[in-house]
1. Do you know which residues across region 18-64 are more than 14 Å from Val6 (Cα to Cα) and touching a Ser or Thr at 6+ places or on another chain (Cβ under 8 Å)?
2. I'd like the full set of residues that are open to solvent by 70 Å² or more (accessible area, probe 1.4 Å) and within 13 Å of the chain's Cα centre (by Cα), limited to region 47-61.
Amino acid sequence: MLTPDVWKKSSFSGGGQGDACVEVAHRHVRIAIRDSKAPARATLSFPPRAFAHFIEALKAQPPA
């Protein structure tokens, strides 16, 4: 399991307590993400380029 040192919560946290989001951490050559409501659960990690493509695809989506 990947355990990055520093997790950063999304600046676009939704919900009343800001807990409807993901957290992101940069660890060596991977970008890790996890659910902020369940940080001890599974963590996903991606190469930086793949993560950048993912973020760009999200930005291209119209707001819900």
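1. The answer is Asp19, Ala20, Cys21.
2. Of all residues in region 47-61, those open to solvent by 70 Å² or more (accessible area, probe 1.4 Å) come to 49, 53-54, 56, 58-61.
Answer for region 47-61, where residues must be open to solvent by 70 Å² or more (accessible area, probe 1.4 Å) and within 13 Å of the chain's Cα centre (by Cα): Phe54, Leu58.
The values are calculated or read from the model by the stated rules, or taken from the named source; none is laboratory data. In this text, all values refer to a predicted model and were calculated from it rather than measured experimentally. Counting neighbours? That spans all protein chains shown, and the Cβs are built from the backbone with ideal geometry, glycine included. Note: areas computed on protein heavy atoms with side chains; ligands, DNA, RNA excluded. Shrake-Rupley method; radii C 1.70, N 1.55, O 1.52, S 1.80 Å.
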